[in-house]
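Here is the structure we will look at.
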Amino acid sequence: MCSAKAKAVGLLLLLLLIGPIISATACTPGRTQLKVICASSLIVPFEEMGKEFEVLHPDIDVVVEGHGSIQVIRYVTELDTEADVVAVADYSLIPMMMYDNQVPGTSRSYADWYVKFATNRLGLAYTNKSKYADRINATNWYDILSDPDIKVGVPNPLIDSCGYRSLMMCQLAETYYGDETIFEKVLGSFSPPVTVSDNHDTYTISVPEVLKPTKVTIRGSSVVLLGLLESGDLDYSFEYESVARQHGLGFVELPPEIDLSSQNFADMYSHVMVRLDFQRFASVIPEFRGEPIVYALTIPSNSSHPEAAAEFVEFLLGTEGQRVLSEDYQPTLVPAEVDNPANLPSKLRTLLVEQ
């Protein structure tokens, strides 16, 4: 690719502090620049895939840029950032934010199809320097995180799907462990407050547009928190398992009833909803019901290089792309699922619809 992949957590943190994670700083003149904007949890496997893709397509430079999943789409639809491929950690964001949102000066929506291609599980990342690292497990994690001396990181739910899923998991934990104080003890209070209302059989978590926590540390995306773990500024962080494994961190595996990983518990997850009071969503009502974690991608209709983008997606969904995802601890969804097959590029329609 245009530069070596930055695997070191310290460098990753530096890049995030000065701007989005970008896999390249300068590209080869005369080569097509393929811009891939993805959830930050996909940075490691996507950069590796970009390298391998470029070997097969030496006329293409793949530039990978990472953000929280909500920000990924906002960069395209609101900030006019050009993208050839968009990939997010929550498939529901694509139809929510792109299907009814038109490209300025055209009658086209930003997207009218997506492919579900990967899954994950949510848990707690930590290092050997974390307090109680030798004791924490799936039965006592919420007691340990409730300790006022324990420093806990949470991705911003207004930006990152890992953030609003972390809130869901804490609420699901109250039911699973039979303790109605877990949400408040683990996360503490916020100003303005984050509220939880019991609407018959659904708990609705309402998140204000401005989040000022008194206990936890909030950052723009889950990957930003890794550097704070490494430096010792945090003891634990809510994190996807793939990211923790990629960076050699400890990971507390939580019960599938609350970790949002299993279709077997989809009904249980659905009893929790997060509602964001986020005016920058424009006409969209940002509500997310609990469900198993599923990643998805699309090619924006205003992509400058749609054919090259389709080639990259084909590579990602093929044998070599699946191998890279697996090697980087990213669970894949096999077979991949398509919502609107008739709208797929012809190359992908053959691959996905006629399999």
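Got at least one residue in the range 261-270 being farther than 22 Å from residue 45 by Cα and either modelled with pLDDT under 95 or surrounded by 19 or more Cβ atoms within 10 Å (Cβ to Cβ) (or both)? Walk me through how you get there before you give the answer.
As a first pass, look at the range 261-270 and keep what is farther than 22 Å from residue 45 by Cα: 262-270.
Narrowing further to those that are either modelled with pLDDT under 95 or surrounded by 19 or more Cβ atoms within 10 Å (Cβ to Cβ) (or both): 265, 269.
Scanning the range 261-270, I find at least one residue that is farther than 22 Å from residue 45 by Cα and either modelled with pLDDT under 95 or surrounded by 19 or more Cβ atoms within 10 Å (Cβ to Cβ) (or both), so the answer is yes.
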Q) Do we have any residue at all in the range 276-296 that's surrounded by 18 or more Cβ atoms within 10 Å (Cβ to Cβ) and either among the small types (Gly, Ala, Ser) or without any contact (Cβ under 8 Å) to a residue 12 or more places away in the chain (or both)? A) yes
Q: Go through 128, 101 for me and flag whichever is farther than 21 Å from residue 290 by Cβ, within 22 Å of the chain's Cα centre (by Cα) and among the polar types (S, T, N, Q).
A: 101
Q) at pLDDT 90 or above, at positive phi, out of contact with any strand residue (DSSP E or B) (no Cβ under 9 Å at 6 or more places or on another chain) and not polar (S, T, N, Q), is that true of residue 105? A) yes
Q. Has the range 50-61 got any residue that is closer than 23 Å to residue 219 by Cβ and not small (Gly, Ala, Ser)?
A. no
**Q.** Any pair with Cβ under 7 angstrom, 6 or more apart, that starts in the range 167-190 at a residue that is assigned by TED's automatic domain parsing to the domain that holds residue 212 and ends at one that is of a type in the set (Asp, Glu) and in a helix (DSSP H, G or I)
**A.** 180/174; 182/174; 183/174
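Give the residue that is surrounded by the fewest Cβ atoms within 10 Å (Cβ to Cβ), with candidates limited to residues of the range 110-137 that are over 25 Å from residue 332 (Cβ atoms) and of a type in the set (Gly, Ala, Ser). First the steps, then the outcome.
To start, the set of residues in the range 110-137 that are over 25 Å from residue 332 (Cβ atoms) comprises 110, 126-137.
From the residues that got through so far, the ones that are of a type in the set (Gly, Ala, Ser) too are 130, 133.
Working: 130: 22, 133: 15.
Checked the range 110-137; the qualifying residue surrounded by the fewest Cβ atoms within 10 Å (Cβ to Cβ) is 133.
For (1) of a type in the set (S, T, N, Q); (2) over 21 Å from residue 89 (Cβ atoms); (3) part of a strand (DSSP E or B); (4) modelled with pLDDT of 95 or more, each residue gets a yes or a no:
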residue	(1), (2), (3), (4)
209	no, yes, no, no
221	yes, no, no, no
229	no, no, no, yes
237	yes, no, yes, yes
258	no, no, no, yes
(Q) Can you pull out every residue in the range 72-89 that is out of contact with any Lys or Arg (no Cβ under 8 Å at 6 or more places or on another chain) and closer than 27 Å to residue 326 by Cβ? (A) 72, 73, 86, 87, 88, 89
Q) Which of (1) under 19 Å from the mean Cα position of the chain (by Cα); (2) more than 21 Å from residue 213 (Cβ to Cβ) is the odd one out, the single condition residue 122 does not satisfy? A) (2)
Q: Within the range 216-263, track down each residue that is among the polar types (S, T, N, Q) and under 18 Å from residue 68 (Cα atoms).
A: 217, 221, 222, 237, 242, 246
Q: Might you check whether a residue that is assigned by TED's automatic domain parsing to the domain that holds residue 164, surrounded by fewer than 16 Cβ atoms within 10 Å (Cβ to Cβ) and in contact with a helix residue (DSSP H, G or I) (Cβ under 7 Å, 6 or more places away or on another chain) occurs anywhere in the range 236-246?
A: no
Q: Identify all residues within the range 50-77 that are crowded, with 24+ Cβ neighbours inside 10 Å, touching a residue at least 40 places away in the same chain (Cβ under 8 Å) and within 23 Å of residue 329 (Cβ to Cβ); write none if there are none.
A: 50, 53, 62, 64, 66, 67, 68, 69
(Q) Could you tell me how many of the residues in the range 88-122 are touching a helix residue (DSSP H, G or I) at 6+ places or on another chain (Cβ under 6 Å) and under 26 Å from residue 154 (Cα atoms)? (A) 8
**Q.** Residues satisfying the stated conditions in the range 310-351, i.e. assigned to a helix (DSSP H, G or I), surrounded by 20 or more Cβ atoms within 10 Å (Cβ to Cβ) and of a type in the set (A, V, I, L, M)
**A.** 310, 313, 316, 317, 324, 325, 348
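Residues are listed down the side, and each one gets a yes or a no for (1) of a type outside the set (Val, Ile, Thr); (2) closer than 24 Å to residue 88 by Cα; (3) not assigned by TED's automatic domain parsing to the domain that holds residue 38:
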position: 98; (1), (2), (3): yes, yes, no
position: 101; (1), (2), (3): yes, yes, no
position: 104; (1), (2), (3): yes, yes, no
position: 111; (1), (2), (3): yes, yes, no
position: 127; (1), (2), (3): no, no, yes
position: 130; (1), (2), (3): yes, no, yes
position: 142; (1), (2), (3): yes, no, yes
position: 148; (1), (2), (3): yes, no, yes
Q | Residue match in the range 88-103 (condition: buried (at least 16 other Cβ atoms within 10 Å of the Cβ), free of Cβ contacts under 8 Å to residues at least 24 places away in the same chain and either under 21 Å from residue 36 (Cβ atoms) or among the aromatic types (Phe, Trp, Tyr) (or both)) | A | yes
Q. Quick check, is residue 197 outside any helix (DSSP H, G or I), buried (at least 19 other Cβ atoms within 10 Å of the Cβ) and small (Gly, Ala, Ser)?
A. no
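The values are calculated or read from the model by the stated rules, or taken from the named source; none is laboratory data. This one's a predicted model, so the numbers in the text were calculated from it and none came from an experiment. In this analysis, Cβ positions are derived from the backbone assuming ideal geometry, glycine residues included, and neighbour counts consider all displayed protein chains.
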